[in-house]
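See structure below.
The values are calculated or read from the model by the stated rules, or taken from the named source; none is laboratory data. All figures in this text were calculated on a predicted structure; none of them were measured in a lab. So basically every Cβ, Gly included, is an ideal-geometry build from the backbone, and we count neighbours across all protein chains shown. Heads up: the accessible areas ignore ligands, DNA and RNA and are worked out on the full protein's heavy atoms, side chains in. Shrake-Rupley method; radii C 1.70, N 1.55, O 1.52, S 1.80 Å.
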Amino acid sequence: MENVIQELRRYVEQKLENEGSGHDWSHIDRVTRLAIIIAEAEQANLFVCEAAALVHDLVDDKLTCPEEGFKEVEKLLRHVEENDRNHIIEIISTISFKGGKMPPVRSLEAKVVQDADRLDAIGAIGIARTFVYAGSKGDMMYDPSLTPREEMSASSYREGRSTAINHFYEKLLKLKDLMNTEKGKELAEERHACMESFLEQFHYEWEGKKKV
Ligand code: ADP
Ligand code: NI
């Protein structure tokens, strides 16, 4: 199992090292570390959580063609026992946000990896990644005439026009209350507060005002 993890780390690091939309190797590495911390607290299967965290963005439709991605992951997991392999594949096919339209995840390990991925989407790192993503897509940082979308299908979430600031209201501020595990909830608190104070300051500065 140690060998499998080492091989996955090497493969994913090389594959995503030049990724430019905030889903690079450092994202995978942080999510993997968070997944281990949460898995230990929740007594989940460590190998399954770590392996799923390492491969979770290889099947992301923002980055790749998902069918190709699943074939690639099957191949990477060829030496893993069938139950674990199927479990890892189920986890990575169910954890994505997609406008909030996905059904809740089922296994404890899926909950752990989803929480880890979501924690890296919020807080100071989440703020930074959101502006990197918006920049990479050519979106604006803010446009007060574009109001945040309330209800979105998975495709309108991906394709409709948005701004970095709207992404906080469309997704990121909702994540704290969507955490699955107790450890995830605990870790989300200060990250959520950091985004709230950032947004408050952003809006003050946009208006040319001071907070105090
Ligand atoms: P998932 O990969 O779970 O489906 P998302 O596609 O919503 O999640 O996004 C992953 C990360 O990419 C977000 O947390 C955010 O940092 C960035 N991102 C996604 N969509 C946008 C957007 N419209 N504007 C800015 N950042 C975005
Ligand atoms: Ni991710």
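Structure above, values below:
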{"item": "Which numbered condition Ala52 misses (of (1) at pLDDT 95 or above; (2) touching a His at 6+ places or on another chain (Cβ under 7 Å))", "result": "(2)"}
{"item": "Scan of segment 56-72 for residues that are modelled with pLDDT under 90 and within 11 Å of ligand 2 (Cβ to nearest atom), ordered by number", "result": "Asp60, Lys62, Leu63"}
{"item": "Exclusive hit being free of Cβ contacts under 8 Å to residues at least 12 places away in the same chain and touching a Phe, Trp or Tyr at 6+ places or on another chain (Cβ under 6 Å), set Glu13, Glu17, Glu40, Glu2", "result": "Glu17"}
{"item": "In segment 17-64, residue least open to solvent (accessible area, probe 1.4 Å) [restricted to those that are more than 13 Å from ligand 1 (Cβ to nearest atom) and outside any helix (DSSP H, G or I)]", "result": "Ala44"}
{"item": "Test: residue in segment 2-13 that is of a type outside the set (Ser, Thr, Tyr) and not in a helix (DSSP H, G or I)", "result": "no"}
{"item": "All helices (runs of 4 or more DSSP H) inside segment 96-211 with 1 or more residues being within 13 Å of ligand 1 (Cβ to nearest atom) and either at pLDDT below 95 or over 23 Å from Val48 (Cβ atoms) (or both)", "result": "123-137, 154-159, 164-170, 182-206"}
{"item": "Some residue of segment 130-151 being open to solvent by less than 50 Å² (accessible area, probe 1.4 Å), β-branched (Val, Ile, Thr) and closer than 21 Å to Ile38 by Cβ", "result": "no"}
{"item": "Some residue of segment 78-90 being open to solvent by 10 Å² or more (accessible area, probe 1.4 Å), near ligand 1 (Cβ under 9 Å from one of its atoms) and on the phi < 0 side of the Ramachandran plot", "result": "no"}
{"item": "Condition met for Leu108 (in contact with an Asp or Glu (Cβ under 9 Å, 6 or more places away or on another chain) and over 18 Å from Val4 (Cα atoms))", "result": "yes"}
{"item": "Those residues of segment 1-10 which are open to solvent by less than 70 Å² (accessible area, probe 1.4 Å) and of a type outside the set (A, V, I, L, M, F, W, C), in sequence order", "result": "Glu7, Arg9"}
